[in-house]
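Chemist: Mind looking over this structure? Questions follow.
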Amino acid sequence: QVQFVESGGGLVQAGGSLRLSCAASGSTFSITAMGWYRQAPGKQRELVARISPGGYTVHADSVKGRFTISRDNAKNTLYLQMNSLKPEDTAVYYCNGVTSVWAWGQGTQVTVSS
């Protein structure tokens, strides 16, 4: 079983930046493809970025060029650098596996004001 604790969210003006962190427990983090997901009010949860154990990344078109996913396997930590934030990025952000999904953490709220 893997557990996640997300942090780093907050209120920011459009055009601003935030860096999210996800601390993962368990011994399988380093061999697991990981992703950042988000869920906006009234919408389904969506995958916005994913990273392989070796560091290969894929970003959704909606965040490409603005968000960057990264990982530190030695620290069991996943990151999401978010730049040029837009109001439509407002959501609760979660981390989890991609091919194997465990229980969801509490997430971290990101609110972007216009």
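Chemist: So which residues in segment 24-47 are touching a helix residue (DSSP H, G or I) at 6+ places or on another chain (Cβ under 9 Å) and farther than 12 Å from residue 73 by Cβ?
Modeler: 38, 40
Chemist: Okay, moving on. Could you grab me the full set of residues in segment 80-97 that are surrounded by fewer than 16 Cβ atoms within 10 Å (Cβ to Cβ) and either in contact with a Phe, Trp or Tyr (Cβ under 8 Å, 6 or more places away or on another chain) or of a type outside the set (S, T, N, Q) (or both)?
Modeler: Those that are surrounded by fewer than 16 Cβ atoms within 10 Å (Cβ to Cβ) and either in contact with a Phe, Trp or Tyr (Cβ under 8 Å, 6 or more places away or on another chain) or of a type outside the set (S, T, N, Q) (or both): 81, 83, 86, 87, 88.
Chemist: Now a separate question. Mind listing just one residue for me: the one in segment 98-114 that is open to solvent by 60 Å² or more (accessible area, probe 1.4 Å) and among the polar types (S, T, N, Q) and, of those, nearest to residue 1 (Cα to Cα)?
Modeler: Taking the candidates together, the pick is 99.
Table: residues versus (1) at negative phi; (2) in contact with a Leu (Cβ under 6 Å, 6 or more places away or on another chain).
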position	(1), (2)
55	no, no
58	yes, no
70	yes, no
81	yes, no
84	no, no
94	yes, no
107	no, no
112	yes, yes
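Chemist: Take the residues in segment 35-79 that are of a type in the set (A, V, I, L, M), open to solvent by 50 Å² or more (accessible area, probe 1.4 Å) and in a strand (DSSP E or B); name whichever of them is nearest to residue 24 (Cα to Cα).
Modeler: 47
Chemist: Starting from segment 3-28, keep only residues that are of a type in the set (Phe, Trp, Tyr), then list their pairs with residues that are assigned to a loop (DSSP other than H, G, I, E, B) whose Cβ atoms are within a distance under 6 Å, requiring at least 6 positions of separation or different chains.
Modeler: So the pair list comes out as 4/105.
Chemist: Sticking with this structure for a sec: Consider segment 31-70. How many of its residues are of a type in the set (A, V, I, L, M) and within 19 Å of residue 4 (Cβ to Cβ)?
Modeler: The number of residues fulfilling the criteria is 8.
The values are calculated or read from the model by the stated rules, or taken from the named source; none is laboratory data. What you are looking at is a predicted structure, and each value in this text was computed from that prediction instead of being measured. For neighbour counting, all protein chains shown are included, and Cβ atoms are generated from backbone atoms with ideal geometry for every residue, glycine included. Calculation scope for accessible area: heavy atoms of the full protein, side chains included, ligands and nucleic acids excluded. Shrake-Rupley method; radii C 1.70, N 1.55, O 1.52, S 1.80 Å.
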